[in-house]
Amino acid sequence: MRNPKVSIIIATYNAGPTIEKALCSVEKQSFQDWECLIIDGVSQDDTVQKVKYFADKDDRFRVFSEPDKGVFDAFNKGWQKAQGEWIYYLGSDDELLPDGIKSLMEYADGVDLVYGGIRMKYRSKCTKDKEASFWEKEMPFSLPASHQAIIMKRDAIERLGGYDLKYKILADYDLINHAFFVGMKANRCSDMIAVFSLGGLSTDNIASLAERYQILVKYGVSRPRAFIHRIKMTVFFLILKVKHYFD
């Protein structure tokens, strides 16, 4: 059996309440040349049982359950086990839109990564579409898209050394900055790729600011400029947190 074009990787730990929704969104993709690897950190709930239901009826779903050092360790295990040429990461409480992978792959020729827009879901269940920006304008201070809207070549991730586990919250931010820093090529897709449920690990923005500062300095931003950016982002995230509470 030939290898799939795309490997969709989902890291899980006690994701029973949401994992079926995520897996159903994978099943419904208009682009069908995929495999889906669920990298589970030995969940204590019914996550693995729910995943096995999908795997029993479709062998493109594969589940691995073993102890890990957190979500980015699971991400590294995922791309290392993947058989696809392209790697896409989906949160266990997020959903791919039906044409999500297809939209990204339409821009995949001649580049190392493709990024698109995201549909943000608030606690109130209201949604808001956010188009991808242009990474030449955003980097290194912010990413042009969230990781749920980015697909990347497996060999590009390997060349970058995968996710740096010293970053507990922003290893994805570090990886994309690394790709930009070494001159990898990217294409922007204007379509919405996935529904992102606010409130997960990456939305713990206040806690992430120390890591953001370290990463900016790592990629050449002066310490004074990185510190000023940290202050600005602290204010921004506090305002965002208040707004999110009322949404």
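None of Trp135, Trp86 is within 26 Å of Val182 (Cα to Cα), modelled with pLDDT under 95 and outside the structural domain of Leu216 (by TED's automatic domain parsing) except Trp135. Pairs linking a residue in the stretch 3-23 that is modelled with pLDDT of 95 or more to a residue that is among the hydroxyl-bearing types (Ser, Thr, Tyr) and assigned to a helix (DSSP H, G or I), with Cβ atoms under 8 Å and 6 or more positions apart or on different chains, are Thr12/Thr47; Tyr13/Thr47; Asn14/Thr47; Ala15/Thr47; Gly16/Thr47; Ile19/Thr47.
Looking only at the stretch 125-148, decide whether some residue is closer than 23 Å to Asn76 by Cα, touching a Gly at 6+ places or on another chain (Cβ under 9 Å) and part of a helix (DSSP H, G or I). Taking every residue of the stretch 125-148 in turn, at least one turns out to be closer than 23 Å to Asn76 by Cα, touching a Gly at 6+ places or on another chain (Cβ under 9 Å) and part of a helix (DSSP H, G or I). Listed conditions (1) out of contact with any Leu (no Cβ under 8 Å at 6 or more places or on another chain); (2) aromatic (Phe, Trp, Tyr); (3) modelled with pLDDT under 95 are all met by Tyr173, apart from (1). Evaluated against (1) farther than 15 Å from Thr12 by Cα; (2) assigned to a helix (DSSP H, G or I); (3) within 19 Å of the chain's Cα centre (by Cα), Asp56 falls short on exactly one condition, (3). Scanning the stretch 47-70 turns up no residue that is under 23 Å from Lys185 (Cβ atoms) and buried (at least 22 other Cβ atoms within 10 Å of the Cβ). Val217 meets each of the listed conditions (1) surrounded by fewer than 17 Cβ atoms within 10 Å (Cβ to Cβ); (2) modelled with pLDDT under 90 apart from (2).
Can you name the residue in the stretch 63-96 that is in a strand (DSSP E or B) and within 20 Å of Met152 (Cα to Cα) and is also farthest from the chain's Cα centre (by Cα) among such residues? If you could, list the steps in order and put the result at the bottom.
Applying the first criterion (in a strand (DSSP E or B)) to the stretch 63-96 yields 63-65, 86-89, 95-96.
Right, trim to within 20 Å of Met152 (Cα to Cα) and you get 86-89, 95-96.
Details: Trp86: 13, Ile87: 10, Tyr88: 7, Tyr89: 5, Glu95: 12, Leu96: 11 Å.
Within the stretch 63-96, the match that is farthest from the chain's Cα centre (by Cα) is Trp86.
Among the residues of the stretch 110-144, those that are more than 30 Å from Lys218 (Cα to Cα) and among the charged types (D, E, K, R) comprise Arg119, Lys121, Arg123, Lys125, Lys128, Asp129.
Of all residues assigned to the stretch 26-46, at least one qualifies as being free of Cβ contacts under 8 Å to residues at least 24 places away in the same chain and assigned by TED's automatic domain parsing to the domain that holds Phe196. Evaluate the stretch 109-118: report whether one residue or more is in a loop (DSSP other than H, G, I, E, B), modelled with pLDDT of 90 or more and either under 30 Å from Lys50 (Cα atoms) or touching a strand residue (DSSP E or B) at 6+ places or on another chain (Cβ under 6 Å) (or both). Checked against the condition, which is being in a loop (DSSP other than H, G, I, E, B), modelled with pLDDT of 90 or more and either under 30 Å from Lys50 (Cα atoms) or touching a strand residue (DSSP E or B) at 6+ places or on another chain (Cβ under 6 Å) (or both), the stretch 109-118 yields at least one hit.
Could you list, in sequence order, all residues of the stretch 109-127 that are closer than 20 Å to Met184 by Cβ and surrounded by 19 or more Cβ atoms within 10 Å (Cβ to Cβ)?
Taking the stretch 109-127 and keeping what is closer than 20 Å to Met184 by Cβ, we get 109-116.
Asp112, Leu113, Val114, Tyr115, Gly116, listed by residue number.
Across the stretch 116-129, not a single residue is classified as within 17 Å of the chain's Cα centre (by Cα), farther than 19 Å from Val195 by Cβ and charged (D, E, K, R).
Every residue in the stretch 128-171 that is within 22 Å of Glu95 (Cβ to Cβ) and surrounded by fewer than 14 Cβ atoms within 10 Å (Cβ to Cβ), please. Answer for the stretch 128-171, where residues must be within 22 Å of Glu95 (Cβ to Cβ) and surrounded by fewer than 14 Cβ atoms within 10 Å (Cβ to Cβ): Lys128, Asp129.
The values are calculated or read from the model by the stated rules, or taken from the named source; none is laboratory data. Note that the coordinates shown come from a computational prediction; the quantities given were computed from them, not determined experimentally. Glycine gets a Cβ as well: all are built from the backbone with ideal geometry, and neighbour counts include every protein chain shown.
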